[in-house]
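Structure first, then comments.
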Amino acid sequence: MCGIVGYVGHRQAVEVLLEGLRRLEYRGYDSAGVAVVNHRLQVVKTAGRLPRLEAMVASRPGVDGFVGIGHTRWATHGAPTDTNAHPHLDCHGRIGVVHNGIIDNFAELKEQLAARGHRFRSDTDTEVVAHLLEELYRGDLAACVRQAAARLRGSWALAVVSSDEPGVVVLARHDSPLVVGVGDGELVAGSDPAAVLRWTRRMVYLHNGDVARLSQEGIQVWDGSGRPVLRPEQEFPWDARAAERGGYPHFMLKEIHEQPDAVQNTLHGRIRADRLEVDLQDAGVDRAWLSGFQRVMVVACGTAWHAGLAGQGLLEDALGRPVWVELGSEFRHRPHRVDERTLTVVVSQSGETADTLAALREARRRGSPVLAIVNVEGSTIAREADRVLYTRAGPEVAVASTKAYTAQVVALALLSALAAGGEVERRRVQELLQLPQRLRQVLEQEPRIREVAVQLAASEHAFYIGRGLDWAVAMEGALKMKEISYIHAEAYAAGELKHGTLALIEEGRPVVALSTQRALQAKMLGNIQEVKARGARVVGVT
Ligand code: M6R
């Protein structure tokens, strides 16, 4: 995960770049850098967090110019050092490159380029792009990036500048998103709309394979086969405030507190309150369409996969047909399970996750219609799916999904209520309508939750246990614990503990036990007794 910003306009580029990088710091924060074009490339980059780069820029007057690129990095190839920070330059310091993604064939290219005399300074995969461009450059940076892209394998969002074309930023995208904000007399590029929103809400989304040239004359785009294309401008649905912290100490906390509103937005216009019925016409989905399939595959990654697992039972009960949930990265190993009688439901907050996108494409290739449950409008998954049910959770700035997950589960609950029809649908709708208020009641308990969290903070390991739907939720809880606190956490189907893992429950071990389904309560109490008997410290969620 990294972040890219690019600028062409009338402001001091470095100011726009640093502002954009502040919005993207959540994407990566082990090093950062900028390159501003004047007669030459002025590069400032450093390991460490963004304030360090800001201090360096401030202490080095003369980083001026109206065109530039910036990057915030989360290291994959090469340790987070000053040298490995982006931008990377060619041998003569005339071409600067920032990159998100991974160049799979970088080792091979590096060997070839080094054999031809190129001098490499970093351990990154990205630097090969700068040297490749140096070899291919014949006076047209955009053409040269198109040629270079044809030699790369892997995934990339690239922003490139050259002192030979000081008014130009060239972008290229392949399985890693890029968007261009169109302001008055200025263009701001970003790997995420959050980087751009401060300046404009008019966005041009680049498609996979596109190369774009940004200059004072505007945007020119070529598609993957090199044909000039027009990509339309779209109004971004959220304003800049949605991507601010709004008084919260950090974005994750803000997004946790946004859950009631996120759920309200997911439901908005999709429930006929007078008849307690679900209406998903905006997604082009109705009961007849859903019941026309023999089975359903839900495919997603990470948190979105957990949301799929939470929705699985609901959908299966409603449809009375098999529903299974795949990880995007695993689906490619057994795609034959999908055909035109299978509905593929793709779940993704960003709409850009490469494994999920690859699964979508494979499912469609096999004739399976795809319904995408996506948060980001205009994202690649939203564009490539047959139908789209937007979760409308608002921008996710914290990398740890919270409100996006809740909204995904609600979208799946809506889908299953619609599929069920009758009394089940009416009951579900009533429950869903109460959900925002119930979420508020949970959030009001924040002081008590904080007390519990403080007690757990010193633990090295934790368990999350539950049955049925609670087991799916336990998996998401354990992921959040690992991702945010770096405490090792395992989610277990509560009835499975006795088949071996109980040995790990010892005095003081935290066990978060979820019990939210009445029918399973007695069984869960039994499992709680089991772990308590071994000295576990149980936190009950009920
Ligand atoms: O944008 P997506 O929902 O497709 O992202 C998939 C995962 O990378 C994502 O859900 C990830 O697991 C969470 N952000 C972790 O909190």
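Every read-out reported here was derived from the displayed coordinates using simple, explicitly stated rules and does not represent laboratory data. In this text, all values refer to a predicted model and were calculated from it rather than measured experimentally. Glycine gets a Cβ as well: all are built from the backbone with ideal geometry, and neighbour counts include every protein chain shown.
Structural remarks
- Its alpha carbons considered, region 330-459 gives a radius of gyration followed by a Dmax of 18.0, 52 Å.
- Taking a quarter of the surface of the Cα convex hull of the chain gives a mean projected area of 26.6 nm².
- Note that region 179-193 has calculated 3J(HN,Hα) couplings of 9, 10, x, 9, x, 7, x, 8, 10, 10, 9, x, 7, 8, x Hz, one per residue in order, obtained from phi through the Karplus relation 6.51 cos²θ - 1.76 cosθ + 1.60 (θ = phi - 60°); glycine and proline are x.
- Scaled to the globular estimate 2.2 N^0.38 Å, the Cα spread of region 1-69, given as radius of gyration, is 1.01.
- Crossing angle, helix 422-443 versus the chain [Cα axis fit, 0-90 degrees, rounded to tens]: 70 degrees
- Anchor residue 482: aspartates and glutamates whose Cα lies under 12 Å away (excluding residues fewer than 8 positions away in-chain): 460, 490
- Each Lys and Arg Cβ is given +1 and each Asp and Glu Cβ -1; about its Cα centre, the chain then shows a dipole of about 640 debye.
- Sequence-distant residues sharing a close amide H with residue 465 (under 5 Å, placed H): 492, 512, 513, 514
- Per residue convex hull volume, Cα atoms of region 400-534, in Å³: 122 Å³
- Viscosity 1.002 mPa s, temperature 20 °C, Stokes-Einstein D of region 113-218 from Kirkwood C-alpha radius, µm²/s: 146 µm²/s
- D_trans [Stokes-Einstein, Kirkwood Rh over alpha-carbon pairs] for region 310-407, 37 °C, 0.692 mPa s, µm² s⁻¹: 236 µm²/s
- Nonlocal amide H pairs with residue 153, under 5 Å, H built at 1.01 Å: 104, 105
- Kirkwood Rh, angstrom, region 456-518 [1 / mean 1/r, Cα pairs]: 11.7 Å
- Between helix 106-115 and the chain: long-axis angle, C-alpha atoms, 0 to 90°, nearest 10: 20 degrees
- A Stokes-Einstein calculation at 4 °C with viscosity 1.567 mPa s, built on the Kirkwood radius of region 223-379 over Cα pairs, returns a diffusion coefficient of 73 µm²/s.
- With the gyration tensor restricted to C-alpha atoms of region 1-137, the semi-axes of the equivalent ellipsoid amount to 24, 17, 12 Å, longest first.
- Shown in residue order for region 255-266 are the 3J(HN,Hα) couplings computed by the Karplus curve 6.51 cos²θ - 1.76 cosθ + 1.60 at θ = phi - 60°: 6, 4, 6, 7, 4, x, 5, 4, 5, 4, 5, 5 Hz (x for Gly and Pro).
- Ignoring the sites themselves, the chain has its longest run without trypsin sites (Lys or Arg not before Pro) in a DSSP loop having at most 14 other Cβ atoms within 10 Å at 342-542.
- Expected 222 nm ellipticity per residue - DSSP helices of 4 or more, -39500 (n - 2.57), all of the chain, to 500: -11000 deg cm²/dmol
- Normalised contact order of region 418-542, rounded percent, pairs of Cα under 8 Å and 6 or more residues apart: 23 percent
- In order along region 227-243, the phi-based Karplus estimate (6.51 cos²θ - 1.76 cosθ + 1.60, θ = phi - 60°) of 3J(HN,Hα) comes to 7, x, 9, 9, 9, x, 7, 10, 7, 6, x, 10, 8, 4, 4, 4, 9 Hz; Gly and Pro are listed as x.
- All distinct Cα pairs of region 192-292 go into the 1/r average, and the inverse of that average, the Kirkwood radius, is 17.7 Å.
- Mean projected area (nm²) of the alpha-carbon convex hull when region 253-318 is viewed from all directions: 6.0 nm²
- Across the chain, the mean sequence separation of Cα contacts (distance under 8 Å, 6 or more residues apart), normalised by length, yields a relative contact order of 10 percent.
- In degrees, nearest ten, helix 469-485 long axis to first principal axis of the chain (Cα): 40 degrees
- Within-13-Å neighbourhood charge of residue 92 [Cβ basis; K, R +1; D, E -1]: 0
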